[in-house]
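Presented below is the structure to which this report refers.
Nothing in this text is a laboratory measurement; each read-out follows from the coordinates by a stated rule. Keep in mind it's a predicted model, so treat the numbers as computed, not measured. Methodologically, a virtual Cβ is constructed for each residue, glycine included, from the backbone with ideal geometry; neighbour enumeration extends over all protein chains shown.
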């Protein structure tokens, strides 16, 4: 009898260990599954916010139904007319293309590490229900250029590659581009380029300076224009003929 009881106790203990091991394995598998979902799910599934677009402001900004403004992370589109300020070349085209993608539609917002800009606009990566990545699509079609702005750099390399392809294919505002010589002084840290005589460019530390011989070269390297020395936009250089 004692032998049978001992065997039963051993079996019970072994079964208890087996159950505990199975529970541990289940927990580990569950955690592993969550990691897989996070790594491989479309980005919009991870978004904590869905919204409806009330109006497209320009090529990189939206107004939502709840009157919140959203600014696309990582890109910049030519400006449209604001008050007495004239539209930059391709500003209206960029706005119209953006409207075709998202106006009066539901979108998914994935926020950046920095969530608001100094104007009070929310900074986000924007997706449609069909998983179209709007920030990247504006670059793909040549209606925006890369904007390097830490700390929101999650897709910077992806964006720059998209811009390269658009430039090569002469999409959108890159169409018919003529590579004219233009001396530019750029800041390697901020990745902004200036006209040679721009006071902000001249203030750049020598260790951070880099020179470009054309707008094309500066854009290709992922630099964006200084707003003060290109008040009418960088593309006005090629449209003022």
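Here are a few things to note about the model shown:
- Fewest-first ranking of 70, 132, using other Cβ atoms within 10 Å as the exposure measure: 132, 70
- Normalised by 2.2 N^0.38 Å, where N is the number of residues, the C-alpha radius of gyration of the range 45-173 stands at 0.98.
- Each part gets one Cα centre, and for the range 155-189 versus the range 217-238 those centres are 10 Å apart.
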